[in-house]
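Okay, so here's the structure we're looking at.
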Amino acid sequence: MRAADIMTRTVITISPDHSVRHAARLMLDNHISGLPVCDDEGVLVGMLSEGDLLRRSELGSTALGKMETSSPTQVAEAYIKGHGWRVGDVMTQGSLTVGTDAPVGHIAELMAKRAIKRVPVIRDGRIVGIVSRRDILELIAAAEPERSAGGDEAIKCAVLARLASDLGLDRNVIEVRVDRGVVTLCGTVESGVKRLAARVAAEAVDGVGCVRNELRVAHETERVPLKPKP
């Protein structure tokens, strides 16, 4: 899947010369949390999001916050963000963008790393769409489960393959038993998190009815029981 496959093609944009109040009304009326900002030639120059509007003078002095520990430059920048009436003064400049061929997984990774909710899609310097977290969620909701061959032996092979490829678990360390679709995991792993991840990985294999997680955590199995007092 690529950006072009899931992006929203009808993109509402705003000019940097429009007012912040107009931008806020535009977001409310269209049920969106951010706006690409484009100049008169349609070139993307920034993004205006709800986060950019959280420290506004309209919300009172508490929202503006205290800047005693900030540099004079930071104080001036915060003042512009809080009091400027133009979108161009308040927006976040230098917006992150992707091309139409960008893999969806790459876009999701960018969103997670940058803590952003939307990414404009660019072609030939012009915005042609936008991918939001909602688009990612809709893709997940509509995804078909992976298909594998039927039968307990096929399920066992599929579970072992997923444990090895996704979690790096050695086939010689993990034992997988399958009985009429019920998977039992045995062996030892390094941590409780990896034990949980193994169960999740096994459950993701098509044809698995349920998973009995009998994996042990290494440091727990190494504990020596205390001798009873005489």
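The values are calculated or read from the model by the stated rules, or taken from the named source; none is laboratory data. Fair warning: this is a prediction, and the values are worked out from it, not measured in the lab. Cβ sites come from the backbone with ideal geometry, for glycine too, and all protein chains shown count toward neighbours. All accessible areas refer to the heavy atoms of the entire protein, side chains included, with ligands and DNA or RNA removed. Shrake-Rupley method; radii C 1.70, N 1.55, O 1.52, S 1.80 Å.
None of Val178, Val131, Val159 is in a helix (DSSP H, G or I), surrounded by 12 or more Cβ atoms within 10 Å (Cβ to Cβ) and modelled with pLDDT of 90 or more except Val159. Filtered by the rule that a residue be open to solvent by 40 Å² or more (accessible area, probe 1.4 Å) and within 15 Å of Lys81 (Cα to Cα), the stretch 20-33 gives a lone residue, Arg21. The set of residues in the stretch 192-204 being touching a helix residue (DSSP H, G or I) at 6+ places or on another chain (Cβ under 8 Å) and at pLDDT 90 or above consists of Lys194, Ala197, Ala198, Ala201, Ala202.
Taken over the stretch 181-205, the residue count meeting the criterion of being of a type outside the set (Val, Ile, Thr), in contact with a Lys or Arg (Cβ under 9 Å, 6 or more places away or on another chain), open to solvent by less than 40 Å² (accessible area, probe 1.4 Å) and not in a helix (DSSP H, G or I) is 3. Does the stretch 152-165 include one or more residues that are touching a residue at least 40 places away in the same chain (Cβ under 8 Å) and out of contact with any Ser or Thr (no Cβ under 9 Å at 6 or more places or on another chain)? Yes - at least one qualifying residue is present in the stretch 152-165. Selection of first residues in the stretch 110-129 that are closer than 13 Å to Ser49 by Cβ and of second residues that are aliphatic (A, V, I, L, M) and assigned to a helix (DSSP H, G or I), restricted to Cβ pairs under 6 Å at least 6 apart or on distinct chains, gives the following pairs, ordered by first then second residue: Val119/Ile107.
Residue pairs whose Cβ atoms lie under 6 Å apart, separated by 6 or more positions or on different chains, with the first residue in the stretch 63-78 and at pLDDT 70 or above and the second part of a loop (DSSP other than H, G, I, E, B) and of a type in the set (Ser, Thr, Tyr), do not occur.
If only residues of the stretch 84-115 that are assigned to a loop (DSSP other than H, G, I, E, B) and touching a Gly at 6+ places or on another chain (Cβ under 6 Å) are counted, the one that is least open to solvent (accessible area, probe 1.4 Å) is Met91. Which members of the stretch 4-34 meet the condition of being touching a helix residue (DSSP H, G or I) at 6+ places or on another chain (Cβ under 6 Å) and touching a residue at least 40 places away in the same chain (Cβ under 8 Å)? Passing the criteria: Ile6, Ile14, Pro16, His18, Val20, Ala23, Ser33.
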